[in-house]
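Worksheet: one structure, shown below.
The values are calculated or read from the model by the stated rules, or taken from the named source; none is laboratory data. Note that the structure is a prediction, hence the values are computed from the model and not measured. Cβ sites come from the backbone with ideal geometry, for glycine too, and all protein chains shown count toward neighbours.
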Amino acid sequence: MIHINIGSNLKSNFGSKIENIIIAINLLVESKIKINKVSKFYETPSYPNQNFPKFLNVGINLDFKNDCLQFLKIINLIEKKIGRIKTKKNNPRVIDIDIIDFKGMIKNSKDLILPHPRAHLRNFVLYPIMEIEPNWSHPIFKKNAQFLINKLSQKSRIEITRLQKNVNINYD
């Protein structure tokens with residue numbers, strides 16, 4: 001099983017932050033990636049500069065038959081199609097797709113670090129995972145999302161908002 005997180009805090013040529021995320025999910029489906037579950041949208045302030053537009057994020061549980069580097073190529077291509085331009089770290093972006101957990105694999109290479117090195121510290125990663133797969137366990141820490149959420153600061157736990165908006169996609 002694979003967990004990814006898709007975020008956006010800028011409009012693109014395709015439309016709003018929500019539309020950017022939906023397009024990214026549809027491009028995953030078109031790439032023959034099996035989407036199992038998608039969380040609701042979560043809104044959080046931008047880090048570290050809270051003057052930047054707020055982020056919208058979703059968590060996704062999916063299946064992919066090939067290896068993690070092939071999957072990384074696909075998501076990099078999707079980011080490019082939507083208009084992501086690599087700029088300074090933490091700058092606003094139209095789309096950001098992170099691999100959080102790839103089948104429990106632990107990997108540290110110049111191309112990819114698995115699990116995502118800051119997943120256990122991010123409210124916008126942990127809350128969606130808790131929503132779609134409450135029994136998920138962090139591959140290194142062997143702790144579930146609820147445990148890791150409880151370790152977050154009070155500020156981090158209250159500054160995230162779960163929106164009532166769902167992503168409607170065809171899972172076939």
Condition broken by R84, with the remaining ones in (1) in a strand (DSSP E or B); (2) buried (at least 20 other Cβ atoms within 10 Å of the Cβ); (3) not hydrophobic (A, V, I, L, M, F, W, C) satisfied: (1)
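Residues checked against (1) more than 24 Å from R157 (Cβ to Cβ); (2) assigned to a helix (DSSP H, G or I); (3) modelled with pLDDT of 95 or more:
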site: Y47; (1), (2), (3): no, no, no
site: N51; (1), (2), (3): no, no, no
site: V58; (1), (2), (3): no, no, yes
site: L62; (1), (2), (3): yes, no, yes
site: Q70; (1), (2), (3): yes, yes, yes
site: I75; (1), (2), (3): yes, yes, yes
site: N90; (1), (2), (3): no, no, no
Within the set of pairs 6+ apart or on separate chains, which have a first residue in the stretch 138-153 that is outside any helix (DSSP H, G or I), a second that is of a type in the set (D, E, K, R), and C-beta atoms under 7 Å apart? P139/D101
Does K32 satisfy the condition of being on the phi > 0 side of the Ramachandran plot and either modelled with pLDDT under 95 or in contact with a Pro (Cβ under 8 Å, 6 or more places away or on another chain) (or both)? yes
Conditions (1) within 21 Å of N36 (Cβ to Cβ); (2) in contact with a Pro (Cβ under 6 Å, 6 or more places away or on another chain); number of the one not met by F52: (1)
Answer from E43, E79, E19 - the residue that is out of contact with any Leu (no Cβ under 7 Å at 6 or more places or on another chain) and within 28 Å of H138 (Cβ to Cβ): E79
Would you point out the residue of the stretch 1-34, among those that are without any contact (Cβ under 8 Å) to a residue 24 or more places away in the chain and in a loop (DSSP other than H, G, I, E, B), that is surrounded by the most Cβ atoms within 10 Å (Cβ to Cβ)? S16
Can you say whether I100 is modelled with pLDDT of 95 or more, part of a helix (DSSP H, G or I) and surrounded by 15 or more Cβ atoms within 10 Å (Cβ to Cβ), as far as the supplied structure shows? no
Can we say M105 is in contact with a strand residue (DSSP E or B) (Cβ under 9 Å, 6 or more places away or on another chain), closer than 22 Å to S8 by Cβ, without any contact (Cβ under 8 Å) to a residue 40 or more places away in the chain and aliphatic (A, V, I, L, M)? no
Looking only at the stretch 35-45, how many residues end up being under 13 Å from the mean Cα position of the chain (by Cα) and part of a loop (DSSP other than H, G, I, E, B)? 3
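Table: residues versus (1) in contact with an Asp or Glu (Cβ under 8 Å, 6 or more places away or on another chain); (2) within 21 Å of I129 (Cα to Cα); (3) not hydroxyl-bearing (S, T, Y).
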residue: I25; (1), (2), (3): no, yes, yes
residue: K32; (1), (2), (3): no, no, yes
residue: Q50; (1), (2), (3): no, no, yes
residue: L56; (1), (2), (3): yes, yes, yes
residue: F64; (1), (2), (3): no, yes, yes
Within the stretch 106-134, residues assigned to a loop (DSSP other than H, G, I, E, B) and not charged (D, E, K, R) come out as I106, S109, L112, P115, H116, P117, P134
Taking P117, is it exposed (fewer than 13 other Cβ atoms within 10 Å of the Cβ) and at pLDDT below 95? no
